[in-house]
Amino acid sequence: MSVVSRAVSAATLAEAFRITATDFPDRLAVRTKDDEVSLTWGELRERVDALAGGLAALGVKRGDTVALMLGNRPEFHIADLAVMTLGATPFSIYQTFAPEQIAFVVADAGARVALIESAYADAFAAAGTDAEHVLAFEDGWPSDPGFDAEPYWRAVEPEDVVTLIYTSGTTGPPKGVQLVHRNLIAAARLTESLIQFPDGAKVISWLPAAHIAERMAHHYLPVIYAMTVTCCSNPREVVAYLPAVKPTWFFAVPRIWEKLKAGMEGFLLQGDDAQRNRAWLEAAARKVEHEQAGEAVPDELAATVAEADRELFAGLRAMLGLDEAVAVNVGAAPTPREVLVFFHAIGIPLAELWGMSETCGAGACNP
């Protein structure tokens, strides 16, 4: 059953965050896998407001832009929401950007303040930007625990720019796509209608926050639907996070699914059970082809696949950590058809999402 969220009726994401923090103050909001950092929605609001107060003291105000250069860590969520609380516009810089690329987007956005982690301090310094304050969280971000954020977030309007998503620059200098609060709330409603998240959904944050896929899937949607976000700081480790987190929804680029398929086939098609496993996989693939063509599945084939699911596929889903997932998606590039068929065959209905920055992320889903 789809989750019912009061926050989805909010006029702005700033308001949605307040509603979620009020309705679910004790639910886990953002964490690391080992729970070294673990913040409830109530605790996250406190951290956000304290940083918002510190930024306000630096002169950050509604309409300003603030650069973020942070990995997948709880501090990103704190920083983004703090800037948004003030009615300012946070935007993320790819961690792989060279100094000249950093300089371009900071100048183009007109950011006077940058919130970063120390790993990117040298690149930012080499960029020679006009930012007046470049602040690494390891050195301590400005804080005002007594800051009254309410007048600020209430002043945010639906047409205010909530973030900038910079294009890749393949056709020239990167261009900043301006997304407003109204855009992203509408996009969140669309995505929820495609996925139908249950209450208490869990996701893994692992893609670059400069991309709309990460921001929507693992930041804005959790704010509106009170999901729990587990931060994966190293994207190469995301597959290992799956059994530890057991995400409700998992979105990944085609290459991740291709590697998973290759690894699972290598595991299944060797040893004493290889012949049996191959036969079951082939039978399950035939069942998928019938279903995709809108044809009835022969009873004998259905029985064979049911046996394979009991004896093999259910265990594979649990081993992967996708046994609690209500949806798994792939996007950002074309996916080989055989990859889609393989995962459908083992009971993981991998569906392609299509979208782009200008559509605020997902625009369609192809099951």
Exercise for review: From the list E100, E117, pick out the single residue that is at pLDDT below 95, out of contact with any Cys (no Cβ under 8 Å at 6 or more places or on another chain) and among the charged types (D, E, K, R).
Suggested key: E100
Check your understanding: All but one of (1) at pLDDT 95 or above; (2) charged (D, E, K, R); (3) within 17 Å of the chain's Cα centre (by Cα) hold for E15; which doesn't?
Key -> (3)
**Study point:** Failed condition for A50, given (1) among the aliphatic types (A, V, I, L, M); (2) out of contact with any Lys or Arg (no Cβ under 9 Å at 6 or more places or on another chain); (3) open to solvent by 50 Å² or more (accessible area, probe 1.4 Å)
**Key:** (3)
Revision key, fill the gap. From the option list V162, V66, V134, single residue qualifying as part of a strand (DSSP E or B), open to solvent by 10 Å² or more (accessible area, probe 1.4 Å) and not basic (K, R) is V134
Practice item. Go through (1) open to solvent by less than 60 Å² (accessible area, probe 1.4 Å); (2) in a helix (DSSP H, G or I) one by one and return the number of the condition A11 breaks. Key: (2)
Study note, to complete from the structure: Across region 221-236, the tally of residues that are in a helix (DSSP H, G or I), in contact (Cβ under 8 Å) with a residue 40 or more places away in the chain and closer than 23 Å to T96 by Cβ stands at 1
Revision key, fill the gap. With criteria (1) farther than 22 Å from H211 by Cα; (2) within 22 Å of the chain's Cα centre (by Cα), E117 comes up short on (1)
Practice item. Working only within region 69-88, note down all residues that are among the hydroxyl-bearing types (S, T, Y) and either open to solvent by 10 Å² or more (accessible area, probe 1.4 Å) or part of a loop (DSSP other than H, G, I, E, B) (or both). Key: none
Review point. Looking only at residues in region 89-105 that are of a type in the set (G, A, S) and outside any helix (DSSP H, G or I), which one is least open to solvent (accessible area, probe 1.4 Å)?
Key: S92
Exercise for review: Pairs only if they're at least six apart or on different chains, beta carbon under 7 angstrom, first in region 249-275 and within 17 Å of F313 (Cβ to Cβ), second assigned to a helix (DSSP H, G or I) and charged (D, E, K, R); list them, first residue then second.
Suggested key: L269/R278
Check your understanding: Restricting region 181-212 to residues that are part of a helix (DSSP H, G or I) and open to solvent by 40 Å² or more (accessible area, probe 1.4 Å), which is modelled with the lowest pLDDT?
Key -> L194
Review point. Looking at (1) over 16 Å from P222 (Cα atoms); (2) in contact (Cβ under 8 Å) with a residue 60 or more places away in the chain; (3) open to solvent by 70 Å² or more (accessible area, probe 1.4 Å); (4) part of a loop (DSSP other than H, G, I, E, B), can you tell me which one D108 breaks?
Key: (4)
Check your understanding: Mind checking whether some residue in region 213-220 is touching a residue at least 40 places away in the same chain (Cβ under 8 Å) and surrounded by fewer than 18 Cβ atoms within 10 Å (Cβ to Cβ)?
Key -> no
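The values are calculated or read from the model by the stated rules, or taken from the named source; none is laboratory data. Just so we're clear, the structure is a prediction, and the values are computed from it rather than from any experiment. All Cβ positions, glycine included, derive from the backbone under ideal geometry; neighbour counts span all protein chains shown. To get the accessible areas, we keep the full protein, side chains included, count just its heavy atoms, and leave off ligands, DNA and RNA. Shrake-Rupley method; radii C 1.70, N 1.55, O 1.52, S 1.80 Å.
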